[in-house]
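Okay, here's the structure, questions in a sec.
Derivation of every value follows stated rules applied to the coordinates shown; laboratory data play no part. The model shown is predicted, which means the values in this text are computed figures rather than measured ones. Here the Cβ positions follow ideal geometry from the backbone for every residue, glycine too, while neighbour counts run over all protein chains shown.
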């Protein structure tokens, strides 16, 4: 494998799970301070709409608890707390630097009593079975080497009838949009990132991870094969992002 650097990382299609984990750890330890700003700038603020849409689709009915996996700096957790005042929220991430930034942000916004951030692995969740009404993950599933293990863990910690909710970017299938998005991901995004962050190579990796993510139909099919039922796909902003919602069986 080509040695990773802050200028270039190998394609996710050519690396092992162990190498993938190492790259993701390096990336998210080097872009923390500018992560939120870059998300908003590079999406032109649309990412905030995607998160609000996701929060509105959450349903709480038994434990009134949310787990936000790969929470990063806690954006989904904060949005969910504002949308559903009566719930308690746990955000989980393996990147300590991201959690520290998230705790500062949560404190500034006055959500410290409602949202708890913990360090952990989405492929081996440190929670008991049937703990949460909703498990969400936003823009994180493509960075997990073993997506199947992560989804199985999300299902395990859900109550029967609970929701797995995956918000993720996708590579447009229409030829016109494919060309436009490929140009944006490979040229514009890293250029802007290079002006703001010390590790522009991270955004080459993130672009590559989007282009190598399964199509919406393929990913929804994998969720169904892993045991979720009634899987729905909500394309957002011309399909460049999709929200996937699947229910845990009540049997």
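Using a basic spin-label model with each label point 7 Å from the Cα along Cα→Cβ, how many nm lie between residue 179 and residue 107?
Calculated label separation equals 5.1 nm.
Cα centroid distance between the stretch 209-231 and the stretch 65-131, in Å?
About 24 Å separates the Cα centre of the stretch 209-231 from the one of the stretch 65-131.
List 50, 96 from most exposed to least, where exposure is judged by having the fewest other Cβ atoms within 10 Å.
The most exposed by this proxy come first: 96, 50.
Right, next: Does the stretch 82-155 come out rounded, prolate or oblate by the C-alpha gyration tensor, with a ≥ b ≥ c the root eigenvalues, rounded set by a/c under 1.5 and, if not, prolate when a/b is larger than b/c and oblate if not?
Verdict is oblate for the stretch 82-155.
How would 26, 218, 224 line up from fewest to most surrounding beta-carbon atoms within 10 angstrom?
Ascending number of Cβ neighbours within 10 Å: 218, 224, 26.
Shifting gears a bit: Taking 8 Å as the Cα distance limit and 6 or more residues as the minimum spacing, I'd like the relative contact order of the stretch 82-195 as a percentage.
Rounded, it is 21 percent for the stretch 82-195.
Something else about it: Listing 59, 142 from the residue with the fewest other Cβ atoms within 10 Å to the one with the most, what is the order?
59, 142
Rounded to the nearest 0.05, what FRET efficiency is calculated for residue 59 and residue 233 with R0 set to 22 Å and r the Cβ-Cβ distance?
Values: r = 17 Å, r/R0 = 0.79.
Step by step, r from the Cβ atoms, then E = 0.80.
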